[in-house]
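Step one of this worksheet: look at the structure below.
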């Protein structure tokens with residue numbers, strides 16, 4: 001008889017657990033239906049409320065983003081001015097250092113290039129008409145015309161020490 005009592009107790013406990021599960025499932029189902037009905041009836045009102053809140057937050061967000069953009073532009077303008085100033089200081093220091101080392105500036109190289117061009121033109125002219133002028137110049141006095149004096153003054157290089165022979169990839173030092 002003890003075994004029968006035990007099995008009845010087990011079966012009634014199992015039935016109770018099953019009944020509790022059915023009741024819980026029923027409550028969850030009913031809660032879901034209630035939520036669905038409430039969403040169906042209050043949904044349009046809730047939707048309009050959420051849209052209104054979104055509009056007010058959207059305006060605040062735009063205003064905040066615009067303010068952040070303005071401050072970023074102002075700070076970038078200030079930073080740009082600082083970078084320009086820093087760049088100028090750097091260029092000045094590099095220029096002074098290169099000058100101390102004897103490196104020619106662009107304008108000095110351009111001047112030298114124009115002088116070389118003029119000298120080349122003078123040499124070519126002398127080579128073309130050198131024989132004729134030499135024969136004609138033998139009878140003339142040793143004074144030169146003012147035009148040739150001006151040309152020779154232009155062609156004379158500045159008084160500098162002779163440059164060392166430049167090797168490939170190196171620059172000639174400036175005295």
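Need one number: nm distance between label points at residue 28 and residue 111, each 7 Å from Cα along Cα→Cβ, rounded to one decimal.
9.5
Distances longer than 21 Å among the Cα atoms of the stretch 1-114: what percent of all pairs is that?
Across the stretch 1-114, Cα pairs with separations above 21 Å total 77 percent.
Read-outs: derived from the displayed coordinates by stated rules, not from any lab. Predicted model only: the values in this text are computed from it and were never measured. Heads up, the Cβs are rebuilt from the backbone with ideal geometry, glycines too, and the neighbour counts pull from every protein chain shown.
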